[in-house]
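Student: Take this structure first; my questions come after.
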There are 2 protein chains.
Amino acid sequence: MISEKKMREALQSYIDAFNRSDAEGVVGLFADDASVEDPVGRPAMTGKDKFGPFFKMAISTGATLELVAPIRASHGNAAAMAFDVKLTYQGAYQLIHVIDVMTFNDQGRITSMRAYWGPSDMEALGPPKK
Amino acid sequence: MISEKKMREALQSYIDAFNRSDAEGVVGLFADDASVEDPVGRPAMTGKDKFGPFFKMAISTGATLELVAPIRASHGNAAAMAFDVKLTYQGAYQLIHVIDVMTFNDQGRITSMRAYWGPSDMEALGPPKK
């Protein structure tokens, strides 16, 4: 089974790749047949042909991710992290408070991602600071 | 389906009941046939006769829970929160970094709880402050 250390590194790599707008880097962390449910409550995107374009779109918004607490591992093959998405949407600076839970295969690839956030986790912060 | 507001309130009630050592209050938030997997990777405790004693034991340690970020809701029937468990274990003050994910039924009771933390999420802080 994958180690806690490897899961932590993978989640940190996810954050880092996202923040340097490296969609290939993000998608490469996932197994080809992984499922991505973002947000939880919407249909999952299963397979790289589904979640690949999703991450490209998400990254193209210029959004960045900022951890708000240390990444959590587990006694199993799953890890979780709490972060804020920072983005500019329709001219307004916004935060979305999110918790991601990821599961892993033995090769260290992400097999599922579930992103917990809802409309009430979005916070409008007004126009971006100049 | 349960509202985001109700899920947030239930998770806050969980924290509050835990911190006033109210095991009945904690257990009462759960459906009778709920499952509790704490930590993720260990067998789930299914049914109040299994998870009831677990919460009594956990609360009897004197542990307290402190949110480290706002509770996250979702577009579905699930919500998540990142918190630290603070406890004194074998004379040493410890933190455990945890993320809980809970699902809910339409009556607003918790149907499952999964607690993401592993050995490497435990942090020894030395003897408690006098």
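Derivation of every value follows stated rules applied to the coordinates shown; laboratory data play no part. Since this is a predicted model, take the numbers as computed values, not measurements. FYI the Cβ positions are ideal-geometry reconstructions off the backbone, even for glycines, and counts take in every protein chain you see.
Student: Would you list B:Ser60, B:Ser13, B:Ser35 from fewest to most Cβ contacts within 10 Å? Intermediate values should be presented prior to the final figure.
Tutor: Working: B:Ser60 10, B:Ser13 15, B:Ser35 19.
Ordered by Cβ neighbours within 10 Å, fewest first: B:Ser60, B:Ser13, B:Ser35.
Student: Through the Karplus equation 6.51 cos²θ - 1.76 cosθ + 1.60, θ set to phi - 60°, convert the phi angles of region A:82-94 into ³J(HN,Hα) values in whole Hz; use x for Gly and Pro.
Tutor: Each residue's phi maps through the Karplus curve to give 9, 8, 10, 8, 10, 8, 9, 10, 6, x, 10, 7, 10 Hz.
Student: OK, next. Show me, for region A:47-60, the HN-Hα J-couplings you get by feeding each phi into the Karplus relation (A = 6.51, B = -1.76, C = 1.60, θ = phi - 60°), rounded to Hz, glycine and proline as x.
Tutor: x, 4, 5, 8, 7, x, x, 4, 5, 4, 5, 4, 6, 5
Student: Mind jotting down the distance between the C-alpha centroids of region B:38-90 and region B:102-127, whole Å?
Tutor: 4 Å
Student: While we're here: Determine by what factor the alpha-carbon radius of gyration of the protein assembly as shown differs from 2.2 N^0.38 Å, reporting the quotient.
Tutor: On the way: Rg = 18.5 Å, N = 260, 2.2 N^0.38 = 18.2 Å.
Normalised Cα radius of gyration, the protein assembly as shown: 1.02.
Student: Where does helix B:4-19 land angle-wise versus the long Cα axis of chain B, in degrees 0 to 90, nearest 10?
Tutor: 30 degrees
Student: For region B:119-124, what does the Karplus curve 6.51 cos²θ - 1.76 cosθ + 1.60, with θ = phi - 60°, yield as ³J(HN,Hα) per residue in whole Hz, taken in order and with x for Gly and Pro?
Tutor: x, 7, 8, 9, 10, 8
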